[in-house]
Amino acid sequence: MRERHASHGARRAREFEAFVAGAAGRLLHAATLLTAEPPDGNPRARRLLALSLAHTYAYWDRLHGEDPYDRARQYLATRFARAAWHRYGALGRARRHLTGPLGGLAPQERLILVLRLYEGVAEEQTAALLGLSVERVRTICDRATAALLRPPSAPARPVAAEAATP
């Protein structure tokens, strides 16, 4: 009996290690986009990834055919949403300017954009995960995409300065 438990534990560890080797990079990139940290300095994203992987490992035996990547991504998203709720209140605007590619967006906009466009999660699944209506998810995604595609406004130069430059 003891040998069977030991072999089960070793098989479980090998399966999880293979999963982490294949999925950790993509999950870390998603977490980095969510936290809007630069890729070379992302301690919050790494902590979010570690918590997500620990949760997935604890749940590993209960997956029963469910995709572990979906479980890890779901936990990553809900953990980020919960932390943003506590930090900013109702997933509102961030109090400080973030430097990542999605730093100008609100946490909820980043979350929906990452789930919809980077991870390819359907609107219905995103809405169910976040407890929002499908229309609300669509609206937030459209607004966030428009904000990213809008060119940053350059500071206005005086007309005299333009005429003086050759």
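The values are calculated or read from the model by the stated rules, or taken from the named source; none is laboratory data. Since the model is a prediction, treat every value here as computed from it, not as a measurement. Virtual Cβ from ideal backbone geometry, glycine too; neighbours counted across all protein chains shown. Only protein heavy atoms, including side chains, enter the accessible area calculation; ligands, DNA and RNA are left aside. Shrake-Rupley method; radii C 1.70, N 1.55, O 1.52, S 1.80 Å.
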* To do: Could you tell me whether Arg96 is open to solvent by 40 Å² or more (accessible area, probe 1.4 Å), within 22 Å of Ala45 (Cα to Cα) and at pLDDT below 90?
  => yes
* Structure fact -> Matching residues in the stretch 1-41 (small (Gly, Ala, Ser) and in contact (Cβ under 8 Å) with a residue 40 or more places away in the chain) number 4
* Quick one: would you say Arg46 is at pLDDT 95 or above, over 26 Å from Leu132 (Cβ atoms) and not hydrophobic (A, V, I, L, M, F, W, C)? -> yes
* Structure fact -> Flagged in the stretch 110-124 as surrounded by 16 or more Cβ atoms within 10 Å (Cβ to Cβ), touching a Leu at 6+ places or on another chain (Cβ under 8 Å) and assigned to a helix (DSSP H, G or I), in numbering order, are Arg110, Leu111, Ile112, Leu113, Val114, Leu115
* To do: Among residues belonging to the stretch 22-46 that are among the small types (Gly, Ala, Ser) and over 16 Å from Arg71 (Cα atoms), point out the one that is surrounded by the most Cβ atoms within 10 Å (Cβ to Cβ).
  => Ala45
